[in-house]
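Peer 1: This is the structure I have questions about; it appears just below.
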Amino acid sequence: LYFASDVLLFVRYCRDKQKPYDDISGTPYYLAPEIIEYVLASKHERGELLPSPSFDVWAFGVLFCYCLQGYQPFLPFGNDRMELFKNITNRVYDFNKRSVSIYSAALACAIFERSPRITFEQMNYFEQ
């Protein structure tokens with residue numbers, strides 16, 4: 001997916017050019033919590049952020065919820081970027097389970113699990 005991959009391309013670019021990565025680049029609504037935690041951590045606490053398909057699964061989950069409900073699941077009140085990041089890292093999301101099928105609600109919950117996060121392959125065979 002493009003949303004998560006634009007961030008990962010920037011991370012790779014910074015590594016290749018030996019530049020510090022201190023800001024979030026990309027579409028913030030679709031960032032996986034691991035990316036946000038990496039960027040917000042102090043430089044001394046950071047490990048290495050490796051690109052992962054699970055970041056794309058997360059971005060897909062946000063898009064999936066948006067298509068089902070018509071709004072972003074992690075939206076904060078107002079336009080506060082740090083509150084958005086707090087909602088994402090704490091998995092505080094607005095998802096009306098009564099307005100969608102049980103299968104869709106269960107899949108959304110599986111996508112937003114931290115570890116292990118469902119894979120695209122597992123989604124093909126997902127059962128509640």
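Peer 1: Report the residue count in segment 64-78 for those that are more than 16 Å from VAL92 (Cβ to Cβ) and of a type in the set (Ser, Thr, Tyr).
Peer 2: Selection size over segment 64-78: 1.
Peer 1: Of all helices (runs of 4 or more DSSP H) completely enclosed by segment 57-128, which ones contain at least 3 residues that are closer than 18 Å to GLU34 by Cβ and open to solvent by 80 Å² or more (accessible area, probe 1.4 Å)?
Peer 2: By residue number, 81-89.
Peer 1: Working only within segment 78-103, note down all residues that are modelled with pLDDT of 90 or more and among the hydroxyl-bearing types (Ser, Thr, Tyr).
Peer 2: THR89
Peer 1: If I ask for residues that are among the charged types (D, E, K, R) and at pLDDT 90 or above, which ones from segment 53-69 would you list?
Peer 2: none
The values are calculated or read from the model by the stated rules, or taken from the named source; none is laboratory data. Please read these numbers as outputs of a predicted model, since none were measured by experiment. FYI the Cβ positions are ideal-geometry reconstructions off the backbone, even for glycines, and counts take in every protein chain you see. What goes into the accessible areas is simple: the full protein's heavy atoms, side chains included, and nothing from ligands, DNA or RNA. Shrake-Rupley method; radii C 1.70, N 1.55, O 1.52, S 1.80 Å.
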